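What follows is a single structure, written as structure tokens, with notes after it.
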Amino acid sequence: MNTNSVHISKKPLSNKGIFSLTPFTLLDYPHKAACIVWFAGCNMRCLYCYNPDIVLGKGKISFDDVLSFLKTRKGLLDGVVLSGGECTLHKKIIDFIKEIKAMGFAVKIDTNGSNPKILKSLIHDQLIDYVALDYKSLPHTFEKLTQSGLFSEFEESLSLLIRSNIIFEVRTTFHSSLITENDFIRMIEYLEVKGFEGNYFIQHFMNNVPTLSKLDHSNKKIQLKNFSTEKIKVIFRE
């Protein structure tokens, strides 16, 4: 992901929940030209997190400033990606998305699934068009990997999405020291038991980048095998 930021305003602003803004991407919203809004803060501390400055940082940009930016991008962008951090933690997220939708943009959220109540509202009110749900690990390794006890919340969010008509993807960041091959197979089996069908995207941990925790080198041997099932297509992203 491209996390280069653009500064909207230098004047003092209230309600600064946003860390930075990437004004253009063709990679983060499938088949759409979009911008990325990076929300500050997260309720997980994933060992492999690439965005420690965002997760641990404070907001620098206000919601109003982002809306002002979007007004200048009508007809130029198709969608807006809300990422972070964890975008669903912010109290103004629903009203913020309503404003974005009113301008005619499609909305995608990247979420760890830890706030099913907000996700349910967004689905019910038809405020989101695409969801990327991060599937961290199975329960027995979830707390260590995320430094949180939020697996049941993730599980509820997954069920909400499966029952909805929202287009969504499930994705996992794979680190060979944190998820074993056997665990990975069980993760796929878990998705099948829950009733998930479709593409399951795996992104390899990128070695030699700043992360929340110092980790050993991760190898890509797992992608040499085909883990797809009749209902789930496992796709390794480069």
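Quick note: the coordinates plus some simple rules give every number you see, no bench work behind them. All figures in this text were calculated on a predicted structure; none of them were measured in a lab. For neighbour counting, all protein chains shown are included, and Cβ atoms are generated from backbone atoms with ideal geometry for every residue, glycine included.
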> Roughly what angle does helix 93-102 make with the longest principal axis of the chain, taking Cα atoms, 0 to 90 degrees, to the nearest 10?
Replying inline: 70 degrees
> Which entry in (i) 52, 38, 31; (ii) 47, 39, 35; (iii) 59, 38, 30 matches Cα extents along the principal axes in Å derived from the coordinates of this structure?
Replying inline: (i)
> If one computes the Cα centroid of the stretch 174-211 and of the stretch 60-90, what distance in Å separates the two points?
Replying inline: 29 Å
> Against the longest principal axis of the chain, how steep is helix 151-163, in degrees 0 to 90 to the nearest 10, with axes from Cα atoms?
Replying inline: 80 degrees
>> Can you find, among PHE142, LEU70, ILE128, the residue sitting farthest towards the positive end of the charge dipole of the stretch 38-159, where Lys and Arg contribute +1 and Asp and Glu -1 at Cβ?
In response: LEU70
> What Cys residues in the chain are without a partner cysteine, judged by a Cβ distance under 4.7 Å?
Replying inline: CYS35, CYS42, CYS87
>> Taking the alpha-carbon distance from LYS220 and a cut-off under 30 Å, which lysines remain once sequence neighbours fewer than 8 residues away in the same chain are dropped?
In response: LYS32, LYS108, LYS136, LYS144, LYS194, LYS231, LYS233
> Along the Cα-to-C-beta direction of SER121, a point sits 7 Å from the Cα; which residues of the stretch 72-89 have their amide N less than 12 Å from that point?
Replying inline: 88-89
> For the residue pair THR180 and SER164, what label-to-label distance in nm results when each label sits 7 Å from Cα along the Cα-to-beta-carbon direction?
Replying inline: 3.5 nm
>> What is the sum of charges, Lys and Arg at +1 and Asp and Glu at -1, for the other residues whose Cβ falls under 9 Å from the Cβ of THR172?
In response: +1
> Restricting to the chain, what percent of DSSP beta bridges are antiparallel, rounded to 5?
Replying inline: 15 percent
